[in-house]
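Worksheet: one structure, shown below.
Please treat every number below as a calculation from the coordinates, not as lab data. In this text, all values refer to a predicted model and were calculated from it rather than measured experimentally. We place every Cβ from the backbone using ideal geometry, glycine too, and count neighbours over all the protein chains shown.
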Amino acid sequence: MFDDAPIPWSRATIHRGRLTLNPWSPHLVRHGPAASVLDAPARRGVTFADLTVDGAPHEEELIVDYVRGTRTAENERVLRAWAELVGYRRLWLPDGVHELDPAAAPLGPAATRCRCCGVTWRDDGPGFWQRVRGAGAFPAFCPACGQSLPEWTLDGKGRIAYLDSLVSDA
C-alpha cells in the first residue's frame, strides 16, 4: 500500500448474498504465500474485499478493493444496496464509479440475527437510522455476546429481496 493511500476500515465477506463486515487490520491476509489460505473459501463462493471510505461528511464514497473470490453481479448488487442504504454517495468498483442515491433507499424496520447466540436485533426509529447513516454502517457487534453481526437487512415492506435469508428465520 502507498504511504498516502487511505487505510481500509473494514474487511467485507460476501457469501450466498450475505454480507458481513469486520474491522480491518494490517494483519489480515492479502498477498504473499499466506494468501493461499483464502483460496479454499473462494472456491466455495466466498468473496473477500477491503472497504475504504473517502470524501467529506455526507458525501462519503465507498471504495471496494477485492482481495480474493469472484467478482459477480450478485456480490456487487449486495455491496451497492448496502452502501446506498447506509448513506454512501458513490461506490467505487473495479469497473468504475457508481452514483448512489441514499435518499431513495427505502428505510424501515431493520434486523439481524447473531450467528453466535441467536438473538435477533430489530430497530427502525429515527435515532437508529441517524446513527447508521452517520456512521456509514449498521451496529457491528451483538450487545448480548460481543460477536460480529451479519449486516442488517430491511424487514417488511422495504425488504431487500436478495438479503432476505438473513432475517427469514428470525
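Within 10 Å, at most 15 other Cβ atoms, and a DSSP state outside H, G, I, E, B define an exposed site. Report the longest part of the chain free of exposed chymotrypsin sites (Phe, Trp or Tyr not before Pro).
Counting at most 15 other Cβ atoms within 10 Å as exposed, the longest clean stretch of the chain is 10-170.
Using the count of nearby Cβ atoms within 10 Å as a rough guide to exposure, how do Glu76, Glu99 rank from fewest to most?
Taking fewest neighbouring Cβ atoms as first place, the list is Glu99, Glu76.
Could you tell me which trypsin sites (Lys or Arg not before Pro) in the range 3-56 are loop residues by DSSP with no more than 13 other beta carbons within 10 angstrom of their beta carbon?
Arg16, Arg44
Enumerate by residue number the trypsin sites (Lys or Arg not before Pro) in the range 63-116 meeting two conditions: DSSP loop (anything except H, G, I, E, B), and at most 16 other Cβ atoms within 10 Å of the site's Cβ.
Sparse-neighbourhood loop trypsin sites (Lys or Arg not before Pro): Arg71, Arg115.
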